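Below is one structure, written out as structure tokens; comments come after it.
The values are calculated or read from the model by the stated rules, or taken from the named source; none is laboratory data. Since the structure is predicted, the reported quantities are computational estimates derived from the model, not experimental observations. Here the Cβ positions follow ideal geometry from the backbone for every residue, glycine too, while neighbour counts run over all protein chains shown. The protein model used for the area step is the full one, side chains on, heavy atoms only, and it has no ligands, DNA or RNA in it. Shrake-Rupley method; radii C 1.70, N 1.55, O 1.52, S 1.80 Å.
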Amino acid sequence: RKEVEQDPGPFNVPEGATVAFNCTYSNSASQSFFWYRQDCRKEPKLLMSVYSSGNEDGRFTAQLNRASQYISLLIRDSKLSDSATYLCVVPPRGNSGYALNFGKGTSLLVTP
Amino acid sequence: NAGVTQTPKFRVLKTGQSMTLLCAQDMNHEYMYWYRQDPGMGLRLIHYSVGEGTTAKGEVPDGYNVSRLKKQNFLLGLESAAPSQTSVYFCASSYSDTQYFGPGTRLTVL
């Protein structure tokens, strides 16, 4: 299994819809997980951190399933401005500072 | 507070030329990183540094060198550019597991 795997999409959803992305990871020792958002031709920016079973921030909910080694990102009431690529991120094996393994990203397009 | 800045923003090189990409951060972070991002490949770690004067190899270090002479700066060097190094290069810094990225450098090697 690759370190981090995501469905690349694209996910095309209408405004107001609920959409969910999954991400699987291989390092069972990982304690922290992240979702980053990357807009077209821009740098990645942290969206959410997940240190225990989950995290919620407004319309965004991240959930962690350690037994199955996957994390999910749920977006409720999608907005046009949510259109972006969402990167699943986990720390790599071994000691490398705070280096992170990035998934290839899931593309979301919210349409009017 | 500018965060993480990168220079240049764009560059076109010919095969065999050399260049240095500069990353600077004003957040007093210990850790700094260089990534490259290619279509369909995601972000891949080139080199990283856990403090001033220290560097280490990441996932794809070949063809690149780095230096961290000052805590706030992390330089990425290409000694002899190759077309395979055409990419978008992102620098990042952190004090823990949250990374802050610069705006990127778009490099084309002809």
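Listed values, structure above:
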read-out: Count - residues of region B:1-19 that are open to solvent by less than 70 Å² (accessible area, probe 1.4 Å) and not in a loop (DSSP other than H, G, I, E, B); value: 5
read-out: Tally of residues being more than 13 Å from the chain's Cα centre (by Cα) and under 30 Å from residue B:9 (Cβ atoms) across region A:41-78; value: 3
read-out: Residues of region A:35-64 satisfying the condition of being in contact with a Gly (Cβ under 9 Å, 6 or more places away or on another chain), open to solvent by 40 Å² or more (accessible area, probe 1.4 Å) and in a strand (DSSP E or B); value: A:63
read-out: Which listed residue is of a type in the set (Lys, Arg) and in contact with a His (Cβ under 9 Å, 6 or more places away or on another chain), from B:71, B:14; value: B:71
read-out: Condition met for residue A:25 (in contact (Cβ under 8 Å) with a residue 60 or more places away in the chain and under 25 Å from residue B:38 (Cα atoms)); value: yes
read-out: Counted residues, region B:87-102 - those being exposed (fewer than 15 other Cβ atoms within 10 Å of the Cβ) and under 13 Å from the mean Cα position of the chain (by Cα); value: 0
read-out: Scan of region B:71-102 for residues that are modelled with pLDDT of 95 or more, part of a loop (DSSP other than H, G, I, E, B) and among the polar types (S, T, N, Q), ordered by number; value: B:72, B:80, B:86
read-out: Unmet requirement for residue A:37, which otherwise passes all of (1) without any contact (Cβ under 8 Å) to a residue 12 or more places away in the chain; (2) closer than 22 Å to residue A:98 by Cβ; value: (1)
read-out: Among residues of region B:18-48, those that are within 27 Å of residue A:7 (Cα to Cα), touching a residue at least 40 places away in the same chain (Cβ under 8 Å) and more than 9 Å from the chain's Cα centre (by Cα), counted; value: 3
read-out: Inter-residue pairs, beta-carbon under 7 Å, first more than 24 Å from residue B:33 (Cβ to Cβ) and in region B:1-17, second outside any loop (DSSP other than H, G, I, E, B), 6+ apart; value: B:12/B:108; B:15/B:83; B:15/B:109
read-out: Members of region B:20-53 that are within 14 Å of residue B:103 (Cα to Cα), away from chain A (no Cβ under 11 Å) and open to solvent by 30 Å² or more (accessible area, probe 1.4 Å); value: B:22
read-out: Filtered residues of region A:12-22 (kept if open to solvent by 70 Å² or more (accessible area, probe 1.4 Å), part of a strand (DSSP E or B) and in contact (Cβ under 8 Å) with a residue 60 or more places away in the chain); value: A:12, A:14
read-out: Qualifying residues in region B:54-70 (those that are within 14 Å of another protein chain (Cβ to nearest Cβ) and either assigned to a loop (DSSP other than H, G, I, E, B) or small (Gly, Ala, Ser) (or both)) - the one least open to solvent (accessible area, probe 1.4 Å); value: B:68
read-out: Any hit, region B:72-86, residues being of a type in the set (Ser, Thr, Tyr) and open to solvent by less than 40 Å² (accessible area, probe 1.4 Å); value: no
